[in-house]
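Structure first, commentary second.
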Amino acid sequence: MTATKVDWVSSKKTGFDLFEDRNVVAMRVNGELKDLAATIESSDQVEAVTISSPDGLAILRHSTAHVLAQAVQSINPDAKLGIGPPITDGFYYDFDVESPFTPEDLKQLEKAMERIVKQGQRFQRRVVSEAEARSELAKEPYKLELIGLKGGTAEDESVEVGGAELTIYDNVDPKTGETVWKDLCRGPHLPSTRLIGNGFALTRVAAAYWRGSEKNKQLQRIYGTGWPSKDELRDYQARLAEAARRDHRKLGVELDLFSFPTEIGSGLAVWHPKGGILRQEIEQHSLKRNREAGYQYVYTPHITKADLFVESNHLVTYADGMFPPIHLDEERDAQGNVTKQGQDYYLKPMNCPMHILIYRERGRSYRELPLRLSEFGTVYRNELSGALHGLTRVRGFTQDDAHIFVAPEQLEEEAARVLEFVLALLRDYGLENFELELSMKDDEKTKWIGSDENWESATNSLRKVAAASGLKVTEQPGEAAFYGPKIDLKTKDAIGRSWQLSTVQVDFNLPERFGLEYTAADGSRQRPVMIHRALMGSIDRFIAILLEHYAGAFPVWLSPVQVIGIPVAEEYNEYLGEVIAKLRSKGVRAELDLSTDRMPKKIRNATLQKIPYQLIAGEDDRSNSAVSFRFRDGHQENGVPVEKAIERILESIENREQV
RNA sequence: GCCGCCUUAGCUCAGUUGGCAGAGCGAUUCACUCGUAAUGAAUAGGUCGAGGGUUCGAUUCCCUCAGGCGGCUCCA
């Protein structure tokens, strides 16, 4: 926060009197955000809100949204206003219009907005009664609906009608004093549109359901971004360009890792040889770590009779996410009458019921617990076509899944072990900067099953475990799965984007449904608790995250091609070929570039493929039994003796180094 | 699933107000034998996403479908 405390000044004043700094665009009066035009009482605590502070940016963006709405209505007076709040990095405004906006409309609207900004219209707050608001906004059906909602039940406060009173903001032409536009809004706003400057841009158009419900009409939403200066806008646009450069869908094509053939179907990926190597490395490393941590690997089928998902209740709670059944074994006579009842089979959307059946296959002793079953389990989910997105949202994917069966008293210790394990493994892949979210039940929703005592003790256990990790923990009441609390782990990638990865969920429900038991030390039958652990979420998605994190330039051990040999001329093919062969014999993924390209072209190709080591050899190297290194960043080390070079490469693989 | 936009060579993209389809990269071949991000030349490569309609004629206009992109919704 850049807000500064301000001492109280004697007589009655407004924010304009108090703050001369033009960067101050609003103020907090006794903790409440207000326009600078608001008057201040002598007992008030006042803080300045500068345009670059989080509050200031939100106000800037909200005011920019108003300017957008004014621009839209200046061009199309029939456009009905929805809502227009600030969001991360920008704002949007929803409109009900006859025909959707086009990219050309956006350019035209930006121009209109610039004119409004230059005009320096004042945002003037005015308190109105509900009746006044209704008559002034008679032509705005959505605003009228918002007015109707105000004072209703626990509805979230919105930027339109939150707060104690209804207010309308008039946009006033500073020269004529005429109100040129107005909008129902709680504020606060910038003192003048001029402060918006040239740090804004309209970014895209999209449809959005009115008030976020599929049942409502879709409005046309215009998204924009807004910043205090043109330079900051450019920085933001550069960040977007960097994110686009790292897009895993683009890198997947460029590095020949995977594709989504339309013949196979939406959201169903095939892995090419290079992507296959990457995936194998990740899986093998994970397998080894899982084994070391006491997990036992299992295999289960991709398809099962309906019975299993009836017993697990997935066919009730998760039916929408499942592919329709495959009807098998039905027989009919010549008249078409069913002579043998068929069976429905389903593609599995989750692995847990299968693992549970392995547990239940025989009697279990407390001595076997915790029993940790893990699997790279491939699941299929019938995601809505519009929700699919590269490898991060697909219809078939592989979870590095595990289900741990523990005695209730083991829950806390095991959860701590799981979290520790998850963090260690993710660090192996080069991820850092983790945050935890503890999702709990709340008193408002009714979906929760299981006893309050169970919830309380499990939540307390997870809370302790999360706290002990030393990571930042956010508690989220109401966000738990219906069957138990969970810890989700988020990580930030190299350019600061947050990704949800692992989840550790406590489940009382499935052990109950499947009647799981173990024999305790005293001979009594007890019910185990289950922990669901998806470490990388989905391997497919995890690879997408790593791809974007590393921008395709993986650490040596994960690189599909680790070493490429580039002879200076054909003459040196044989010499360098021997070096490459030695590396291959030691398990290094090394290739020799025998193409007819010239050397600089080969270097360019290898660099674009983001291969960590380019080994170059010409006369200087051959006569000294040496090779020359060229690295991704272009720096070189010439004349390295072959044995030393090999050693160095092997070490970097062993230590999972980035080079 | 809903709304909007898009789909032209392996890739990135021009183009046609309805009249024989274009470039760069990539591929192949030939020449060059080369020291740190593109040597030169030639050749091949297309039912203009699929199907239907309008038209003398459709890659171009209209309809349906598929796939992609951006959102919304969804993500137990």
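The values are calculated or read from the model by the stated rules, or taken from the named source; none is laboratory data. It should be emphasised that the depicted structure is a prediction, and the values quoted were computed from it without experimental measurement. All Cβ positions, even for glycine, are placed from backbone atoms using ideal geometry, and neighbour counts span all protein chains on display. For the accessible areas, the whole protein counts, side chains as well, though only heavy atoms, and no ligand, DNA or RNA atoms are used. Shrake-Rupley method; radii C 1.70, N 1.55, O 1.52, S 1.80 Å.
Structure notes:
For (1) under 30 Å from A:Arg364 (Cβ atoms); (2) basic (Lys, Arg), each residue gets a yes or a no:
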residue	(1), (2)
A:Ala481	yes, no
A:Lys486	yes, yes
A:His532	yes, no
A:Ala553	no, no
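- Restricting the stretch A:226-243 to residues that are farther than 13 Å from A:Asp89 by Cα and within 16 Å of RNA strand B (Cβ to nearest atom), the residue that is least open to solvent (accessible area, probe 1.4 Å) is A:Ala243.
- Residue ID - nearest to RNA strand B (Cβ to nearest atom), chosen from residues in the stretch A:363-396 that are modelled with pLDDT of 95 or more, open to solvent by 40 Å² or more (accessible area, probe 1.4 Å) and charged (D, E, K, R): A:Glu368
- Output for the stretch A:496-533, where each listed residue is among the aliphatic types (A, V, I, L, M) and modelled with pLDDT of 90 or more: A:Val504, A:Val506, A:Leu510, A:Leu516, A:Ala520, A:Ala521, A:Val529, A:Met530, A:Ile531
- Residues that are closer than 11 Å to A:Pro567 by Cβ and open to solvent by 80 Å² or more (accessible area, probe 1.4 Å), drawn from the stretch A:599-637: A:Glu619
- When the stretch A:339-353 is filtered for residues that are outside any loop (DSSP other than H, G, I, E, B) and within 13 Å of RNA strand B (Cβ to nearest atom), the ones remaining, listed by number, are A:Tyr346, A:Leu347, A:Cys352, A:Pro353.
- Check on A:Pro477, within 23 Å of the chain's Cα centre (by Cα) and open to solvent by 60 Å² or more (accessible area, probe 1.4 Å): yes
- Failed condition for A:Ile277, given (1) within 14 Å of RNA strand B (Cβ to nearest atom); (2) modelled with pLDDT of 85 or more; (3) not assigned by TED's automatic domain parsing to the domain that holds A:Ala79: (1)
- Look at the stretch A:378-399: where a residue is closer than 20 Å to A:Leu546 by Cα and polar (S, T, N, Q), no partner that is within 9 Å of RNA strand B (Cβ to nearest atom) and open to solvent by 30 Å² or more (accessible area, probe 1.4 Å) sits 6+ places away or on another chain with Cβ atoms under 8 Å.
- Contact map, the stretch A:195-214: residues that are acidic (Asp, Glu) paired with residues that are more than 7 Å from RNA strand B (Cβ to nearest atom) and open to solvent by 40 Å² or more (accessible area, probe 1.4 Å), Cβ distance under 6 Å, separation 6+ or inter-chain. No pairs are found.
- For the criterion of being open to solvent by less than 20 Å² (accessible area, probe 1.4 Å), touching an Asp or Glu at 6+ places or on another chain (Cβ under 9 Å) and small (Gly, Ala, Ser), A:Ser461 passes.
- Per-region count, the stretch A:179-217, residues of a type in the set (Ser, Thr, Tyr) and more than 23 Å from A:Ala79 (Cα to Cα): 1
- The stretch A:551-598, subset among the acidic types (Asp, Glu) and closer than 25 Å to A:Pro641 by Cβ, residue surrounded by the most Cβ atoms within 10 Å (Cβ to Cβ): A:Asp593
- A single member of A:Ala415, A:Ala407, A:Ala402, A:Ala467 is hydrophobic (A, V, I, L, M, F, W, C) and open to solvent by 60 Å² or more (accessible area, probe 1.4 Å), and it is A:Ala467.
- Residue that is farther than 30 Å from A:Arg22 by Cα and assigned to a helix (DSSP H, G or I), where the choices are A:Lys215, A:Lys250: A:Lys250
- Here A:Arg372, A:Arg367, A:Arg362, A:Arg417 are screened, and the one residue that is more than 13 Å from A:Tyr299 (Cα to Cα), part of a strand (DSSP E or B) and of a type in the set (Lys, Arg) is A:Arg372.
- One residue stands out in the stretch A:184-212 among those that are closer than 17 Å to A:Gly120 by Cα and either open to solvent by 20 Å² or more (accessible area, probe 1.4 Å) or part of a strand (DSSP E or B) (or both): the one that is nearest to RNA strand B (Cβ to nearest atom), namely A:Phe200.
- Residue match in the stretch A:535-551 (condition: under 30 Å from A:Glu409 (Cβ atoms), within 13 Å of RNA strand B (Cβ to nearest atom) and in the same structural domain as A:Gly450 (by TED's automatic domain parsing)): yes
- When residues of the stretch A:244-267 are limited to those that are among the aliphatic types (A, V, I, L, M) and more than 10 Å from RNA strand B (Cβ to nearest atom), the one surrounded by the fewest Cβ atoms within 10 Å (Cβ to Cβ): A:Leu251
- Options A:Ile87, A:Ile51; residue that is hydrophobic (A, V, I, L, M, F, W, C), open to solvent by 40 Å² or more (accessible area, probe 1.4 Å), in contact with a helix residue (DSSP H, G or I) (Cβ under 9 Å, 6 or more places away or on another chain) and within 30 Å of A:Asp235 (Cβ to Cβ): A:Ile87
Here's the yes/no breakdown for (1) closer than 30 Å to A:Gly523 by Cβ; (2) open to solvent by less than 50 Å² (accessible area, probe 1.4 Å):
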site	(1), (2)
A:Leu315	no, yes
A:Gly321	no, yes
A:Pro325	no, no
A:Glu330	no, no
A:Lys340	no, no
A:Tyr345	no, no
A:Lys348	no, yes
A:Pro353	yes, yes
A:Ile358	yes, no
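Residue-wise test of (1) open to solvent by 60 Å² or more (accessible area, probe 1.4 Å); (2) modelled with pLDDT of 90 or more; (3) over 26 Å from A:Leu202 (Cα atoms).
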| position | (1), (2), (3) |
| --- | --- |
| A:Val97 | no, no, no |
| A:Glu104 | yes, no, no |
| A:Glu114 | yes, yes, no |
| A:Val117 | no, yes, no |
| A:Ala131 | yes, no, yes |
| A:Ile147 | no, no, yes |
| A:Leu166 | no, no, yes |
| A:Asp173 | no, yes, no |
| A:Trp181 | no, yes, no |
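- Check on A:Val270, within 12 Å of RNA strand B (Cβ to nearest atom), free of Cβ contacts under 8 Å to residues at least 60 places away in the same chain and open to solvent by 30 Å² or more (accessible area, probe 1.4 Å): no
- Any hit, the stretch A:476-486, residues being under 24 Å from A:Leu425 (Cβ atoms), away from RNA strand B (no atom under 16 Å from the Cβ) and not β-branched (Val, Ile, Thr): no
- Leading residue by the ranking (most open to solvent (accessible area, probe 1.4 Å)) among those in the stretch A:213-225 that are farther than 30 Å from A:Lys118 by Cβ and either basic (Lys, Arg) or near RNA strand B (Cβ under 7 Å from one of its atoms) (or both): A:Lys215
- When the residues of the stretch A:554-605 are filtered to those that are of a type in the set (Gly, Ala, Ser) and within 16 Å of RNA strand B (Cβ to nearest atom), the one that is farthest from the chain's Cα centre (by Cα) is A:Ala569.
- Scanning the stretch A:607-658 for residues that are more than 12 Å from RNA strand B (Cβ to nearest atom) and touching a strand residue (DSSP E or B) at 6+ places or on another chain (Cβ under 7 Å) yields a total of 5.
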